[in-house]
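What follows is a set of notes on a single structure, which appears directly below.
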Amino acid sequence: MEIAPVLVVGGGPAGASAASELERLGVGHILLDRAGFPRDKPCAGILPPTVSDLTGPVPAAVRERSIRGYFLHTVSGRTFRSRFSRPGCSVDRSRFDAWLVSRLRTPPRRGVFVGAAEEAGLVVAQTDGPDVGCRVLIGADGAVSRAGAAARIRPGKLAFACQASVPMGRAEISRRTGDWFHVFYVIPAGYGWVAPHAGELRVGVGSLRRDRAGREALGRFLASARVGELTGGRPGADFRSHRIPMSGPPERTGRGRILLAGDAGGFVFPGTGEGIRFAIASGRCAAEAAAAAVKDGWEGPDLQAEYTRLLTAGGLLSLREVDFQSVLDTPESAERYVRRLTSLSRRASSSSPRRRPPGS
Ligand SMILES: Cc1cc2nc3c(=O)[nH]c(=O)nc-3n(C[C@H](O)[C@H](O)[C@H](O)COP(=O)(O)OP(=O)(O)OC[C@H]3O[C@@H](n4cnc5c(N)ncnc54)[C@H](O)[C@@H]3O)c2cc1C
């Protein structure tokens, strides 16, 4: 059995950020991913500017398009605008995630995590290769997490999501969507979106109801008049499905010597599906708690308490505070929520121009 102080399972934004933080703190680790990089992840690829505050400037070769904020479209036909305090960008996830792992001194290792058991102060992780013994295991293996199952943590609600690509030239994208991410609250228990990229729009639907977020539901969304104005009525291609955590982090974000970060820990803003920023931030908190546990020889309870403290200090547990199941239950309830948010944000920006609008 190979021994490492920390094993990070999953090399997406959460796992890559955890590994990078462990390198900064001088703590040995293995980063394991079942895929080789670059690997794709179905995603609208919208990064608010706060992501580059965490990662440093996203290179020009990775940025696809500048994004100024959101247009929120409601069922009654109204549109609300929420502008970022400065531009963000859209990215292709295969290039963005490959860029994150390319900055690590120790590249990810290819392998599948299967399960884990605690033995004599170690977590013994079973993989499709040799077992790995570690003091702390960081589960950053996405929305359907085997690390979460190994820690016996029931995940929160997961939305079904389906996304397609609509190829379009840059000039036409500028004319139709501008540099804005469009979110439509017209789908029960979820939403749809249109995200501008370099030579395509990414159009998708996500809902807790499977029948509202499959390929047929996406076909209906694409065929709707308001979405058609943005897509020029073109059909989608390259349909891909995935899951999105929709109820914030569950009551426990780890157990014993296992910590969950990113989608595995439910760190997604359920109102828009934004998760990359929270994956990076929670991955770093997990690494910081793991490093302290390794250096000071902590047992599970101290490790868990430190992780909760760091998540709380970073505002990450507030993702579970709003009951988005009731907010998004019907398009009408979503509209009431959006109206309230935008009026709050207008009031906040008139009293303090530096404050960010909610959800941006
Ligand atoms: C359709 C869609 C659109 C989205 N749009 C946006 C958006 O515009 N902006 C935004 O901020 N967020 C968006 N999100 C959310 C965002 O994609 C996630 O929050 C983010 O990818 C979470 O990062 P992560 O590192 O936790 O997990 P992931 O990116 O899912 O990475 C998990 C990694 O774990 C690996 N893995 C999984 N299982 C195992 C195993 N058993 N063994 C080894 N490795 C394993 C996988 O190969 C993968 O590399 C969207 C999500 C979806 C589904």
| Of GLN304, ALA60, SER102, which is farthest along the charge dipole of the chain in the positive direction, counting Lys and Arg as +1 and Asp and Glu as -1 at C-beta? | ALA60
| query | Which whole-Hz couplings ³J(HN,Hα) result when phi for each residue of the stretch 306-320 is put into the Karplus expression 6.51 cos²θ - 1.76 cosθ + 1.60, θ = phi - 60°, listed in order with x for Gly and Pro? | reply | 5, 5, 4, 4, 5, 5, 5, 4, x, x, 6, 7, 5, 4, 9
| query | If you bin every alpha carbon distance in the stretch 1-59 into 5 Å steps from zero, what whole percent lands in each bin? | reply | 4, 15, 22, 22, 20, 11, 4, 2, 0
| message | Which order do the peptides 71-80, 29-38 come out in when sorted by mean C-beta neighbours inside 10 angstrom, highest first? | response | 29-38, 71-80
| task | Normalise the Cα radius of gyration of the stretch 47-121 by 2.2 N^0.38 Å (N = residues in it) and let me know the number. | result | 1.66
| message | Using Cα springs under 10 Å in a Gaussian network model of the chain, which residue among ARG215, ARG135, ARG309 shows the largest mean-square fluctuation? | response | ARG309
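What is the antiparallel percent of DSSP beta bridges lying wholly in the chain, to the nearest 5?
Numbers: 48 of 70 bridges.
If I count the DSSP bridges inside the chain, around 70 percent turn out antiparallel.
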| field | Estimated distance in nm for a label pair at LEU317 and GLU216, the labels positioned 7 Å out from Cα along Cα-to-Cβ | value | 4.3 nm
| task | Compute from the Cα atoms of the chain the Rg and the Dmax, the latter being the longest Cα-Cα distance, and quote both in angstrom. | result | 20.3, 62
| query | Mind listing the phi-derived Karplus ³J(HN,Hα) values for the stretch 236-252, rounded to whole Hz, using 6.51, -1.76 and 1.60 with θ = phi - 60°, and x for any glycine or proline? | reply | x, 9, 6, 5, 9, 10, 7, 10, 10, x, 10, 10, x, x, x, 3, 10
| For the chain, what does -39500 (n - 2.57) per DSSP helix run (n ≥ 4), summed and divided by total residues, give at 222 nm, in deg cm²/dmol to the nearest 500? | -9500 deg cm²/dmol
| note | Net charge (Lys, Arg +1; Asp, Glu -1) of residues whose beta-carbon lies under 13 Å from that of PRO250, PRO250 excluded, is +4
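Take peptides 146-156, 293-303 and line them up by average Cβ neighbours within 10 Å, highest first, as a rough protection proxy. Let's see the in-between values first.
On the way: 146-156: 20.1, 293-303: 15.7.
Listed from highest to lowest mean packing, they are 146-156, 293-303.
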| field | Alpha carbon centroid spacing (whole Å) that separates the stretch 148-199 from the stretch 81-141 | value | 23 Å
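Counting Lys and Arg as +1 and Asp and Glu as -1, each charge on the Cβ, what is the dipole of the chain about the Cα centre in debye, to the nearest 20?
On the way: 51 positive and 34 negative charges, 293 e Å.
Result for the chain is approximately 1400 debye, rounded to the nearest 20.
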| task | Pop out the ³J(HN,Hα) list for the stretch 323-330 in order, Karplus 6.51 cos²θ - 1.76 cosθ + 1.60 with θ = phi - 60°, rounded to Hz; leave Gly and Pro as x. | result | 7, 6, 5, 6, 4, 8, 3, 10
| note | Sorted by chain and then number, the residues having a modelled amide H within less than 5 Å of the amide H of THR177, at least 5 places away or on another chain, are none
| request: Scan around PHE267 for amide H atoms under 5 Å from its own, H built in the peptide plane at 1.01 Å from N, and keep only partners 5 or more places away or cross-chain. | output: GLY262
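How much length is gained if the chain between ALA149 and GLU118 is pulled fully straight, taking 0.36 nm per residue apart and subtracting their Cα-Cα distance, in nm to one decimal?
Numbers: separation 31, 0.36 × 31 = 11.16 nm, distance 1.38 nm.
Roughly 9.8 nm would be gained on extension.
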| request: Using label points projected 7 Å from each Cα along Cα→Cβ, tell me how many nm separate PHE239 and ASP53, to one decimal. | output: 3.9 nm
| remark: Rounded to one decimal in nm, the spacing of the 7 Å Cα→Cβ label points at GLU172 and THR330 is 3.8 nm
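If you count, for each residue, the other Cβ atoms within 10 Å and average over each peptide, how do 217-229, 260-272, 198-210, 240-252 line up from highest to lowest? Numbers along the way, then the final one.
Values: 217-229: 16.8, 260-272: 29.4, 198-210: 21.2, 240-252: 19.6.
Listed from highest to lowest mean packing, they are 260-272, 198-210, 240-252, 217-229.
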| Most fluctuating residue of ALA164, ALA290, ALA61 in a GNM of the chain with Cα springs under 10 Å: which is it? | ALA61
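Only the coordinates and a few stated rules stand behind these numbers; no lab work does. Please read these numbers as outputs of a predicted model, since none were measured by experiment. All Cβ positions, glycine included, derive from the backbone under ideal geometry; neighbour counts span all protein chains shown.
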